[in-house]
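Reading through the structure tokens given below for one structure.
The values are calculated or read from the model by the stated rules, or taken from the named source; none is laboratory data. A quick note: this is a predicted structure, and the numbers were derived from the prediction, not measured. Heads up, the Cβs are rebuilt from the backbone with ideal geometry, glycines too, and the neighbour counts pull from every protein chain shown.
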Amino acid sequence: MALVVNVHGAALVRVGTGAANALEDLGYSVNGVDIEETVLTADVPGDQNGGDEGPPIDIQYFGQIDIVRMELSRYDAAVLAKIDCRLLGGTTGSTSAPGTLIFGASRHYRLLVHPTTGPRNYLGAVPRQAILHNRGTKFSRLRLEFECHAVSGVLWNTATT
């Protein structure tokens, strides 16, 4: 492959919040969408290398979680209201019952980051961190972050429909 400048294009963010989890347009990013890929691992100690105090004899892989961060300047407030409750199917302005299982009860979202090239369709997205949106005379900026987990062995694919 050639070394080239990569430009993916304007990033439209879509979220599965509609009827039967149909995708709805949340909005467009200000300066792109940041994706942080975190691999979960653990060291395997062994006497061959000094036990717990030495370097590992192997490393065990436990999966991956992606953190998707975005700042939007053009967004749909009605779609945001469906995310504000944090659990799919929740009611805006109220909280779900403590102890609700997000994945066990299918209360997670689908998240599609859809630039012109290189889409990422996350099947298990949860808005775990603070959602920031300002109010005032200047245009509003929406800042939010999704923690994305694998669902049925798939973290993300490139499906856009």
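Here are some notes:
- Hey, residue 118 among the small types (Gly, Ala, Ser) and either free of Cβ contacts under 8 Å to residues at least 40 places away in the same chain or assigned to a strand (DSSP E or B) (or both) or not: no
- Of all residues making up the stretch 106-129, the number that are at pLDDT below 95 and in contact with an Asp or Glu (Cβ under 8 Å, 6 or more places away or on another chain): 2
- A count restricted to the stretch 92-115 and to residues that are in contact with a strand residue (DSSP E or B) (Cβ under 7 Å, 6 or more places away or on another chain), hydrophobic (A, V, I, L, M, F, W, C) and in a loop (DSSP other than H, G, I, E, B) stands at 2.
- Within the stretch 2-32, being closer than 11 Å to residue 112 by Cβ and touching a residue at least 60 places away in the same chain (Cβ under 8 Å) holds for 11, 12, 13, 14, 15, 16, 23.
- Of the strands (runs of 3 or more DSSP E) contained entirely in the stretch 9-81, those carrying at least 1 residues that are more than 18 Å from residue 109 (Cα to Cα) fall at 23-29, 34-44, 58-75.
- The listed residues are 100, 92, 117, and the only one of them that is of a type outside the set (A, V, I, L, M) and surrounded by 13 or more Cβ atoms within 10 Å (Cβ to Cβ) turns out to be 100.
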